[in-house]
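*Asks:* A single structure is presented below for examination.
The values are calculated or read from the model by the stated rules, or taken from the named source; none is laboratory data. Predicted model only: the values in this text are computed from it and were never measured. Neighbour counts are summed over all protein chains in view; Cβ atoms, including those assigned to glycine, are modelled from backbone coordinates with ideal geometry.
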């Protein structure tokens, strides 16, 4: 993977997310009071601000909402696809889409999460086409 | 709530004619602009008791106490300051807040100033802005190396999918404002372009091509505001701040709403309500154009056209002289001037239009102007309605 060189600065809230990612699991948060999901992870629930969200493993499935192919970025390298993905759980995440030719990118494309190992502490979720 | 409408006026405005300022510190450029705006008003530096700036980002020269650094540099000790930085539209927000300060007696003469020199700036200043810092909310996005333009690309692509907007319609935005820039001797780019030229320019971050993107200039500008009463005795015709609104919403891409609505949908109605005018009353508009999609979403959020209709609105010629909403009469950010936060220029060009001093295309007998900006990637918005 090109130009993915800035590792995340993990913190108290995000540590479980990154630990799970390292094990190949994609976590999102759910509000214990309303049952609603949220992305990105926070120390509080945006649906019930006094509640602490709980971690749940997401399906890792979703579809492409919109994308931009970066042909000229901040660093040299091959074009890459920045994208918003709507997870089956209803939240939208920002990530990369890999394994799809530019001409085949389209809104609604079924996707599934995959993981890239950045370093010993970090695996980064990306999305690839879903076959089933 | 106290009625702010028309209580204050912009009495001086100045845009540096420079588009390249090699080895000029941005504070030096700001000083040129401040003196230019004060001279335009018939005021002196000694008259200034308020200073507004947002000069702490890359290529702007200042740090986290930028407004203090700037005050020291220009040699004043202002008793009212505002360095709220919500991105490119900061200066419109600062104008609205300066109006409140002046109307309530906190300040009498306020300068709002901006300059940046991205073309030569040598320092890769450590920045903690949300678009580069992989901590907190940014830790889930920055590792993927999104570029500013690619985020605008996310908006543009979805607008195409939702509403059938075409690359040709996007290109028409660039062509329209280039036509205006051709009349402006200070504009960075003055060569005529066609829709085909835009579509043939290199892809930067799809669907946005090079000519869908603003120029990168060194530059700056300043405006001076004071009370309605004091404005009467000054050199130039006062331009009254009739309406103002601002709003902020998000920074992270994951928080972009499905319907692409931006905070302009909040700032615009507040400005119109304060001014007591309708869309049909607006004679001329300056609408922040960092990329071709930028003013299109603003047109929809501000209510100049319906949701998804901005492509057709632009293609029908509504933004040209003689159209329903002549816009970016100086050539805008796409062709004239974009050092990084061009909100100040939307105020300056509005003032010039209302005085009949437009350097590019001049709307005859303009009485009501709209200046609108955004910050970041549609993260914030501020709108001002100005009248004579």
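So that you can scan it fast, the table gives a plain yes or no per residue for (1) closer than 18 Å to residue B:381 by Cα; (2) not in a loop (DSSP other than H, G, I, E, B):
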residue	(1), (2)
B:36	no, yes
B:52	yes, yes
B:59	no, no
B:68	no, yes
B:91	yes, yes
B:98	yes, yes
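*Asks:* Moving to a separate point now. Just one of A:36, A:96, A:30 is within 12 Å of chain B (Cβ to nearest Cβ) and either over 19 Å from residue B:144 (Cβ atoms) or touching a helix residue (DSSP H, G or I) at 6+ places or on another chain (Cβ under 9 Å) (or both); which is it?
*Replies:* A:96
*Asks:* I would also like to ask the following. Determine whether residue B:32 is over 17 Å from residue B:107 (Cβ atoms) and either modelled with pLDDT of 95 or more or under 21 Å from the mean Cα position of the chain (by Cα) (or both).
*Replies:* So residue B:32 passes the test.
*Asks:* What helices (runs of 4 or more DSSP H), lying completely within the stretch B:219-330, carry at least 3 residues that are farther than 17 Å from residue B:163 by Cβ?
*Replies:* Result: B:228-231, B:264-275.
*Asks:* So, residue B:92, is that one closer than 17 Å to residue B:345 by Cα, crowded, with 19+ Cβ neighbours inside 10 Å and modelled with pLDDT of 95 or more or not?
*Replies:* Considered against the rule, which asks whether it is closer than 17 Å to residue B:345 by Cα, crowded, with 19+ Cβ neighbours inside 10 Å and modelled with pLDDT of 95 or more, residue B:92 comes out as yes.
*Asks:* Let me ask you something else. Go through (1) closer than 26 Å to residue B:231 by Cβ; (2) assigned to a helix (DSSP H, G or I); (3) touching a strand residue (DSSP E or B) at 6+ places or on another chain (Cβ under 8 Å) for residue B:46 and report which single condition fails.
*Replies:* In the conditions (1) closer than 26 Å to residue B:231 by Cβ; (2) assigned to a helix (DSSP H, G or I); (3) touching a strand residue (DSSP E or B) at 6+ places or on another chain (Cβ under 8 Å), residue B:46 misses (3) alone.
*Asks:* Please go through the stretch A:100-124 and pick out each residue that is farther than 20 Å from residue B:140 by Cβ and either in contact with a helix residue (DSSP H, G or I) (Cβ under 9 Å, 6 or more places away or on another chain) or not in a strand (DSSP E or B) (or both).
*Replies:* Across the stretch A:100-124, the qualifying residues are A:100, A:101, A:102, A:103, A:104, A:105, A:106, A:107, A:108, A:109.
*Asks:* Could you say whether any residue in the stretch A:53-71 is at pLDDT below 95, within 12 Å of chain B (Cβ to nearest Cβ) and more than 24 Å from residue B:258 (Cα to Cα)?
*Replies:* Looking for residues that are at pLDDT below 95, within 12 Å of chain B (Cβ to nearest Cβ) and more than 24 Å from residue B:258 (Cα to Cα), one finds none in the stretch A:53-71, hence no.
*Asks:* Go through B:187, B:205, B:145, B:135 for me and flag whichever is under 20 Å from the mean Cα position of the chain (by Cα) and within 27 Å of residue B:86 (Cβ to Cβ).
*Replies:* The match here is B:187.
*Asks:* Please work out which one of (1) at the interface with chain B (Cβ under 10 Å from one of its Cβ atoms); (2) touching a strand residue (DSSP E or B) at 6+ places or on another chain (Cβ under 8 Å); (3) not in a strand (DSSP E or B) is the condition residue A:82 fails and give its number.
*Replies:* For residue A:82, the exception is condition (3).
*Asks:* Search the stretch B:129-179 for residues being in a loop (DSSP other than H, G, I, E, B) and at the interface with chain A (Cβ under 7 Å from one of its Cβ atoms), and hand back the single one that is surrounded by the fewest Cβ atoms within 10 Å (Cβ to Cβ).
*Replies:* B:134
*Asks:* If residue B:211 passes every condition in (1) more than 14 Å from every other protein chain (Cβ to nearest Cβ); (2) under 20 Å from residue B:329 (Cβ atoms); (3) more than 18 Å from the chain's Cα centre (by Cα) but one, which one does it miss?
*Replies:* The failed condition is (1).
*Asks:* I would also like to ask the following. Applying the selection to the stretch A:24-71, what residues are within 25 Å of residue A:100 (Cα to Cα) and loosely packed, with under 15 Cβ neighbours inside 10 Å?
*Replies:* If the condition is that a residue be within 25 Å of residue A:100 (Cα to Cα) and loosely packed, with under 15 Cβ neighbours inside 10 Å, then A:24, A:59 are the ones that fit.
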